[in-house]
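Taking it in order: structure first as structure tokens, then the write-up.
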Amino acid sequence: MKRRRGAPQLEYHLLVLVTLGLVAFGLVMVYSASSARALLGSNDPAYYLKRQALYAVVGLIGLVLLSRFDYRRLRFAAGPLLLASFFLLVVVLGLGVAVNGARRWIPFGPLAFQPSEFAKLALAVWTATLLARRPAPKTVGELVRPIGLVVGASCALILVEPDLGSALAIGIMVTAVLLVSGTPVRTLLGASSLAATLVLAAIWLEPYRRARIFSFLDPWHDPQGAGFQAEQAMIALGAGGIFGVGLGESVQKIYYLPEASTDMIYAIIGEELGLVGAAAVIAAFAVFAYGGFTVALRCPDPFGKRLAASLTALVCGQAAVNMSAVMGLAPLTGVPLPFVSYGGSSLVAGLASVGILLNIALNRGVAAVSEVPDRRRRDSRARPARARSRRSAQVARG
């Protein structure tokens, strides 16, 4: 018995090309969006570009390694990964660096690590492992134990940081893997209603979240306060028109638009490259979604199918939330644009997800192929076993 690996399919090449294209495009846009601020702050216009390039190299190395690492082995690491993620989420609350009132990063010398990004991957592996071993939950009670409790505890720790965007991304990811596993829609709707109630409570209890919701409903009510970021994003998108003002020619990035190189980089894309550039980014993530979900649909392994669906939903869900917030279709939640926004933890985690997806795409074609010795060949090489025709079988019996 011998295992033979199938040739890479179209979705494999699409994932590689789209990912590398978005990373390269992200480096260009990070430099464009941050060069003026970096020049004024550190006399080095390429300061943020150099750091992002370093993160990209680390992430691409991880992508290559994970694309060659058999994803099936991750099932045995699901428990330890989940425990490690909970440990880091607790540590960041005590030892994390406070930036803009949020403790989301653990410092490591000149770099910083965001545990919530690691928690997303750990939950993706754990939920895929659990749902591959047992039937999909059919009722809200079955869904709550243990998936709801584990995911809820993780999201609660993330909300304490606070980081509502990462909690929403985890919710999107878990919903996708439950759909693929066969959980009824009515069960998901019931659980979503419960989760929405808890999210609304978390929003109402935190003043800055409450202000963001009100600014989303009417950003012009407080244009110099809570609605300032949403208002400046709309100005940037409107100023870009169809073809944009030109690469590097943005005005909003010069201290008008907060977080121009991170959460709001899509607004800079719309300003500099116009509707054409903004639509191209949406198309790129649509192609990524097609490739990732095609890998999930064609994978015969239950664990691989669920893991591919969860990772694809994680990347594309974050992209959808980010672009919707910039365009004023959703409240601002601080979710970065995958592969494009400045940020090391997000970039490395996103490229790691793609590496696992590529390995699933390659190994879904691995099948057991029976081979038997071929006595008609002089070198006695084996040939694939196949059923005999009726005539040859009768001759053999004779």
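The values are calculated or read from the model by the stated rules, or taken from the named source; none is laboratory data. Computed from a prediction, not measured in an experiment: that's the story for all the values here. Heads up, the Cβs are rebuilt from the backbone with ideal geometry, glycines too, and the neighbour counts pull from every protein chain shown. Heads up: the accessible areas ignore ligands, DNA and RNA and are worked out on the full protein's heavy atoms, side chains in. Shrake-Rupley method; radii C 1.70, N 1.55, O 1.52, S 1.80 Å.
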Roughly how many Å is it from the Cα centre of the stretch 267-334 to that of the stretch 120-185, as a whole number?
19 Å
Folded to 0 to 90 degrees: helix 78-95 orientation relative to the chain principal axis, Cα:
10 degrees
Please report, as a whole percent, how much of the solvent-accessible surface of the chain comes from carbon and sulfur atoms (probe radius 1.4 Å).
65 percent
Taking amide H positions as placed 1.01 Å from N in the peptide plane, with prolines and chain starts having none, which residues 5 or more places from residue 105, or on another chain, fall under 5 Å of its amide H?
97
Output ³J(HN,Hα) for the stretch 317-326: one whole-Hz value per residue in order, computed from phi by the Karplus curve 6.51 cos²θ - 1.76 cosθ + 1.60 with θ = phi - 60°, and x for Gly and Pro.
x, 5, 4, 5, 5, 5, 5, 5, 5, 5
Using only the Cα atoms of the stretch 20-113, what semi-axes does the equivalent ellipsoid have when each is the square root of 5 times a gyration tensor eigenvalue? Give whole Å, largest first.
30, 22, 9
If eta is 1.306 mPa s and T is 10 °C, what Stokes-Einstein diffusion coefficient results for the stretch 234-294, Kirkwood Rh from Cα pairs, in µm²/s?
134 µm²/s
Can you pull the Rg over Rh of the stretch 123-184, Cα-only, Kirkwood?
0.98
Under a straight-distance cross-link criterion of Cα-Cα below 16 Å, which aspartates and glutamates are reachable from residue 50, leaving out those fewer than 8 residues away in the same chain?
none
By accessible area with a 1.4 Å probe, ligands and nucleic acids excluded, highest first: order of 61, 172
61, 172
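What number comes out for accessible area per residue over the stretch 1-149 if the probe is 1.4 Å? Units Å², please.
On the way: 8090 Å² over 149 residues.
Value for the stretch 1-149: 54 Å² per residue.
Apply the a/c threshold of 1.5 to the C-alpha gyration tensor of the stretch 147-236 and tell me whether it is rounded, prolate or oblate.
Details: a/c = 2.55, a/b = 2.01, b/c = 1.27.
Prolate.
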How far apart, in nm, are the 7 Å Cα→Cβ label points at residue 197 and residue 24?
5.1 nm
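Can you tell me how the stretch 166-299 classifies by the Cα gyration tensor, rounded, prolate or oblate, using a/c under 1.5 as the rounded cut?
Numbers: a/c = 3.20, a/b = 1.30, b/c = 2.46.
Oblate shape, in that a/c is at least 1.5 and b/c is the bigger or equal ratio.
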The chain: spread of alpha-carbon positions along the three principal axes, whole Å, largest first, is 94, 49, 41
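In square angstrom, what is the accessible area per residue of the stretch 175-327 with a 1.4 angstrom probe?
On the way: 6870 Å² over 153 residues.
Here the residues of the stretch 175-327 average 45 Å² of exposed surface.
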